[in-house]
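Here is the structure we will look at.
The values are calculated or read from the model by the stated rules, or taken from the named source; none is laboratory data. As the structure is a computational prediction, the values presented were derived from the model and not from experiment. Here the Cβ positions follow ideal geometry from the backbone for every residue, glycine too, while neighbour counts run over all protein chains shown. Accessible surface areas use protein heavy atoms only, side chains included; no ligands, DNA or RNA. Shrake-Rupley method; radii C 1.70, N 1.55, O 1.52, S 1.80 Å.
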Amino acid sequence: MAASCHLKPLSCVAVCGGTHGNEMSGIYLAKHWLRDPMELQRSSFAVTPFLGNPRAIEKCVRYVGQDLNRTFTTEFLSSTEVEDEPYEVVLAREINQTYGPKGSAQAFDFMFDLHNTTASMGTYLIVDSEESLLPMHMCHYIQMHYTRSPCPIYLYKLPGEETYSINSVAKAGLALELGPQPQQVVRADLFSQMRDIIACALDFIELFNKGTVFPAFEIEAYKITGRMDYPCYPDGEISAMVHPKLQDKDFLPLNPRDPIFQTFSGEEILYEGNTTIYPAFINEAAYYKKKVAFVKMEKHTFSIPALSSSRVA
């Protein structure tokens with residue numbers, strides 16, 4: 001294990017619901033907290049709830065012009081405003097100025113981003129990479145203290161890829177993704193789980209700020225390696241469905257020669273990879289437009305060094 005690391009206490013934390021305007025748990029939680037923020041309050045830091053994509057929320061759609069949660073890259077944030085550019089590009093620059101700027105000392109210390117999925121993934125925690133020390137310690141704390149369901153960790157950034165999500169404008173961040181939940185619907189059980197996980201995560205920040213030393217640990221996480229597209233006809237139309245034996249098997253091993261698709265005429269298509277992978281977002285409704293059937297992941301164990309606030313360093 002590496003030597004213990006020290007980070008500055010957190011003072012400004014944001015919680016975003018509605019980055020996608022049809023994922024309702026985070027939207028209604030953020031609306032609730034905007035009316036009554038009492039349960040977010042902790043003694044050592046301030047929490048600011050906000051709605052990520054108001055126009056998409058009003059229309060109850062994922063986005064209006066383009067996916068807001070893929071728009072926080074240098075390309076978009078540094079672009080000059082032009083006529084008729086997508087609403088989400090303008091919005092991303094506004095969010096970056098309010099909660100960033102990305103990569104600056106003035107940025108919010110931490111941002112939570114609240115999502116739902118139609119896939120049978122349960123409750124899971126999204127971090128950009130295993131090198132993000134504070135979020136990895138937060139995930140470990142949640143796994144130890146939140147007992148209603150397992151909370152696997154999904155590391156979303158591919159090697160060499162720039163962070164692109166809304167919480168990347170803050171110094172650090174964590175996204176929650178709970179499912180399965182249909183788009184445009186809120187389920188009370190998932191709403192309650194999301195609320196409880198945020199409370200647990202805020203408790204972690206409070207302990208960190210007040211000098212708790214979090215020991216080193218080893219932790220299992222799933223790291224993205226790529227995406228599996230649907231088979232298509234020559235004209236680009238999808239030609240097969242997720243195979244029944246793969247459906248709802250998120251985070252479970254997929255071995256070479258296992259069936260992954262079934263054509264509309266009933267033929268099986270097998271996984272032709274050479275190694276076992278772990279699929280996620282299987283048959284996610286939002287990914288049909290991209291023709292993505294699932295995300296491919298590898299399972300790794302990472303050694304995370306001890307962490308404490310620089311206040312007690």
Over the range 218-260, the set of residues among the small types (Gly, Ala, Ser) and part of a loop (DSSP other than H, G, I, E, B) is GLY236, SER239
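Scan the range 157-171 for residues that are buried (at least 17 other Cβ atoms within 10 Å of the Cβ) and in contact with a Ser or Thr (Cβ under 6 Å, 6 or more places away or on another chain) and jot them down. Please lay out each step first, then the result.
Taking the range 157-171 first, the residues buried (at least 17 other Cβ atoms within 10 Å of the Cβ) are 157, 163-171.
Result: LYS157, TYR164, ILE166.
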Given ALA175, ALA105, which one is of a type outside the set (Val, Ile, Thr) and either out of contact with any Ser or Thr (no Cβ under 9 Å at 6 or more places or on another chain) or more than 23 Å from LEU252 (Cα to Cα) (or both)? ALA105
Can you tell which of PHE72, PHE76, PHE108 is out of contact with any Pro (no Cβ under 6 Å at 6 or more places or on another chain) and free of Cβ contacts under 8 Å to residues at least 60 places away in the same chain? PHE76
Of everything in the range 1-42, what is in a loop (DSSP other than H, G, I, E, B), open to solvent by 60 Å² or more (accessible area, probe 1.4 Å) and in contact with a helix residue (DSSP H, G or I) (Cβ under 7 Å, 6 or more places away or on another chain)? Give them in sequence order. LYS8
Which one is surrounded by the most Cβ atoms within 10 Å (Cβ to Cβ) among residues in the range 280-298 that are among the charged types (D, E, K, R) and in a loop (DSSP other than H, G, I, E, B)? GLU284
Between a residue in the range 181-204 that is crowded, with 18+ Cβ neighbours inside 10 Å and any residue that is basic (Lys, Arg), which pairs come within a Cβ distance under 9 Å, given they are 6 or more apart or on different chains? GLN181/ARG187; GLN193/ARG148; ILE197/ARG148; LEU202/ARG42
Can you tell me which residues in the range 218-240 are out of contact with any Leu (no Cβ under 9 Å at 6 or more places or on another chain), more than 16 Å from LEU270 (Cα to Cα) and either open to solvent by less than 60 Å² (accessible area, probe 1.4 Å) or among the hydrophobic types (A, V, I, L, M, F, W, C) (or both)? ILE219, GLY236, ILE238
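Which one is least open to solvent (accessible area, probe 1.4 Å) among residues in the range 110-149 that are within 11 Å of LYS171 (Cβ to Cβ) and out of contact with any helix residue (DSSP H, G or I) (no Cβ under 9 Å at 6 or more places or on another chain)? Reasoning before the result, please.
Applying the first criterion (within 11 Å of LYS171 (Cβ to Cβ)) to the range 110-149 yields 110-111, 132, 134-135.
From what's left, out of contact with any helix residue (DSSP H, G or I) (no Cβ under 9 Å at 6 or more places or on another chain): 132, 135.
Values: SER132: 25, PRO135: 5 Å².
Among residues in the range 110-149 that are within 11 Å of LYS171 (Cβ to Cβ) and out of contact with any helix residue (DSSP H, G or I) (no Cβ under 9 Å at 6 or more places or on another chain), the one least open to solvent (accessible area, probe 1.4 Å) is PRO135.
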I'd like the residue in the range 115-138 that is of a type in the set (A, V, I, L, M, F, W, C) and closer than 17 Å to ILE224 by Cα and, out of all such residues, is modelled with the lowest pLDDT. MET121
How many of the residues in the range 43-74 are crowded, with 17+ Cβ neighbours inside 10 Å and under 22 Å from GLN97 (Cα atoms)? 18
Expected single match for under 26 Å from the mean Cα position of the chain (by Cα), part of a loop (DSSP other than H, G, I, E, B) and at pLDDT 95 or above among THR301, THR275 is THR275
GLY211 - would you say it is assigned to a loop (DSSP other than H, G, I, E, B), more than 24 Å from the chain's Cα centre (by Cα) and free of Cβ contacts under 8 Å to residues at least 60 places away in the same chain? no
